[in-house]
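Below is one structure, written out as structure tokens, with a few remarks after it.
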Amino acid sequence: PPATFASSKSLFSRKARVRMQLLKDVVGNNSYRVNNKYDGTYAPLPVQEILRRAEYLIDKEVSYDLLGNNCEHFVTLLRYGEGVSEQGTISAIGFVTAAAGAVSLLSLLRSRSRERQY
């Protein structure tokens, strides 16, 4: 499925299937960067241990939750042995901001609609 559909679907899903794909196939023509932002706080596990953990999970279904158990939690659990993420907080703030904007827009449209009726 297109990436946008897969992303929106993942917002409401409680499960995810672990797949192994080449990075170039996942990112396509988009830019990417390695994000080891927690290396200063957590000691990375040895590479062979990270690979062993990742390979064990290929084709398995794992729990998924945008706020409490998302993809960043997954990779940090593999890398550090502890699942941590700031994505859920940022996503929650973005959702609340979008919802507040939608409510404001609806209020504005309603008030304009009432003005025209009189």
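The values are calculated or read from the model by the stated rules, or taken from the named source; none is laboratory data. Predicted model, so just to flag it, every value in this text is computed and none were measured. Cβ placement follows ideal geometry from the backbone for every residue including glycine, while neighbour counts extend to all protein chains displayed. These accessible areas exclude ligands, DNA and RNA; they are computed on the full protein's heavy atoms, side chains included. Shrake-Rupley method; radii C 1.70, N 1.55, O 1.52, S 1.80 Å.
Ranked highest first by average number of other Cβ atoms within 10 Å, how do 19-29, 61-71 line up?
61-71, 19-29
Over the heavy atoms of E82, what accessible area does a 1.4 Å probe trace out, to the nearest 10 Å²?
90
Place the peptides 72-80, 51-59 in order of packing, highest mean first, counting for every residue the other Cβ atoms within 10 Å and averaging per peptide.
72-80, 51-59
Between K60 and L23, what is the spin-label point distance in nm, taking each point 7 Å from the Cα along the Cα→C-beta axis?
For the pair K60/L23, the computed spacing is 2.4 nm.
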